[in-house]
Amino acid sequence: MQPDRRTTAEHWFTAAENDLVVASDYAERIPSIACFHAQQAAEKALKALLVIVCGDAPRTHLTSTLVDELERNGAALPSEVAMLAMSLDKFYAPTRYPDALGGGDPNTAFIARDARAALEAAELVVASCRSQGRAA
């Protein structure tokens, strides 16, 4: 038997919150890892909200695609939150793959300020998705 929407969404939200913890823990020490986990937190929270609204979420890592999907299904995020979510797309591949930066090292290309900004954006996205999910 498949779990219900709320249970599945809660699993996504828990995973998102775990990524926030990792992002916070690594923001000063390994900013690239923190940026990646901030992006992952937002992605997972968006998927949680989509599960509540639609019953499923697209298999994508692009937060912009997930934001668009929410809008198409009548569950648009506040515009500021949507913009923050979409801004995190830039941290998905370049923080993990050395060849994604044209030979640059992701371990040095991202600094603590990037990580703190990504974490702050992700925290707002997760909180907004949680709030909207409760109201749905």
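The values are calculated or read from the model by the stated rules, or taken from the named source; none is laboratory data. Because the structure is a prediction, the values reported are computed rather than measured. Cβ coordinates were reconstructed from backbone atoms using ideal geometry, including for glycine residues, and neighbour counts include every protein chain displayed. Heads up: the accessible areas ignore ligands, DNA and RNA and are worked out on the full protein's heavy atoms, side chains in. Shrake-Rupley method; radii C 1.70, N 1.55, O 1.52, S 1.80 Å.
Here are the numbers:
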quantity: Inter-site label distance for A15 and D68 at 7 Å from Cα along Cβ, in nm; calculated: 2.2
quantity: Read-out Cα Rg over 2.2 N^0.38 Å, derived from the coordinates shown; its label in (1) 1.53; (2) 1.03; (3) 1.90; calculated: (2)
quantity: Sulfur and carbon atoms: percent of accessible area, the chain [1.4 Å]; calculated: 53
quantity: Dipole-positive endmost among Y26, F36, L50 within the range 1-88 (Cβ charges, Cα centre); calculated: L50
quantity: Alpha-carbon centroids, the range 1-61 and the range 65-136: separation in whole Å; calculated: 11
quantity: Theoretical FRET efficiency, 1/(1+(r/R0)^6), r = Cβ-Cβ of D4 and K90, R0 30 Å, to 0.05; calculated: 0.30
quantity: Ordering of 7-13, 97-103, 36-42 by burial proxy (mean other Cβ atoms within 10 Å per residue, highest first); calculated: 36-42, 7-13, 97-103
quantity: Only Lys, Arg (+1) and Asp, Glu (-1) charged, at Cβ; the chain dipole about Cα centre in debye; calculated: 200
